[in-house]
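The values are calculated or read from the model by the stated rules, or taken from the named source; none is laboratory data. Please read all numbers here as calculations on a predicted model, not as lab measurements. A quick note on method: Cβ atoms are made from the backbone with ideal geometry, for glycine too, and the neighbour counts reach across all protein chains shown.
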Ligand code: CIR
């Protein structure tokens, strides 16, 4: 089966998860202090409002204190026009999260659970018929084989990407800007040889976790040279603060499942 190419950045809905008080115990590679729950809520609400303004109907799921990282709802599942895939998560403190999004997804699309290995949604970049998948500390070859078996039946090609050092997930280092263009950190440039790649200015690599949503490119606040670069290429850029998610190695993409 093959499907029509679709703009992989056109979305009408998104699932979000309210941050739980336990988010202060969220995973992080380097401890730069616990996030503030109050500020997390404020930044999360601003993010949600921007998605709504971009034409996305958002569905806010209730906080889950048992799962400190559950606000990063992109990781347990993904949705394609053909259906959702429920992942298997490698981080023990996140292993129960896929079950917690199943019912909400089933309200909209058929759900297929991964049956082997591990995949985190943050490692998956959908560009259209080609899907890139980072082989990271969270996503393994077995997981990609299992995912490949599902998405190849839907007409997609799944391309594994060896990850450069220092990135938690593939999308920590890249974002789709349009059908032809990807924003990426320098070490990922060669991966996207079929695309025009806009490389992050030196020192602003953390801005790579942007999201194209309908007519806007949403960028984390605090990266003026990246904002200027995207403006120069004609994108309609919005910025918002995600300082508390960033303390836990999260960013803009992780805070929603868009479909
Ligand atoms: C974690 O380590 O799993 C969370 N603290 C951050 C997850 C960020 N998710 C993402 O980039 N998709």
Inset, instruction - Might you check whether a residue that is over 18 Å from the mean Cα position of the chain (by Cα), assigned to a loop (DSSP other than H, G, I, E, B), surrounded by fewer than 16 Cβ atoms within 10 Å (Cβ to Cβ) and in contact (Cβ under 8 Å) with a residue 60 or more places away in the chain occurs anywhere in segment 50-62? - result: yes
Inset, instruction - Please specify each residue of segment 134-145 satisfying the condition of being over 21 Å from residue 71 (Cβ atoms) and surrounded by fewer than 22 Cβ atoms within 10 Å (Cβ to Cβ). - result: 135, 140, 141, 142, 145
Inset, instruction - Looking for whichever is within 16 Å of the ligand (Cβ to nearest atom) and either farther than 17 Å from residue 72 by Cα or in a loop (DSSP other than H, G, I, E, B) (or both) here; the options are 166, 234. Which one fits? - result: 166
Inset, instruction - Output the number of residues of segment 95-111 satisfying the condition of being within 23 Å of residue 140 (Cβ to Cβ), more than 18 Å from the chain's Cα centre (by Cα) and surrounded by fewer than 17 Cβ atoms within 10 Å (Cβ to Cβ). - result: 2
Inset, instruction - Report yes if residue 92 is within 27 Å of residue 149 (Cβ to Cβ) and surrounded by fewer than 17 Cβ atoms within 10 Å (Cβ to Cβ), otherwise no. - result: yes
Inset, instruction - Taking residue 72 as the residue in question, decide whether it is assigned to a helix (DSSP H, G or I), surrounded by 13 or more Cβ atoms within 10 Å (Cβ to Cβ) and modelled with pLDDT of 95 or more. - result: no
Inset, instruction - Please state which of the following conditions residue 175 fails to meet, knowing it meets all the rest: (1) within 16 Å of the ligand (Cβ to nearest atom); (2) closer than 26 Å to residue 38 by Cα; (3) not in a loop (DSSP other than H, G, I, E, B). - result: (2)
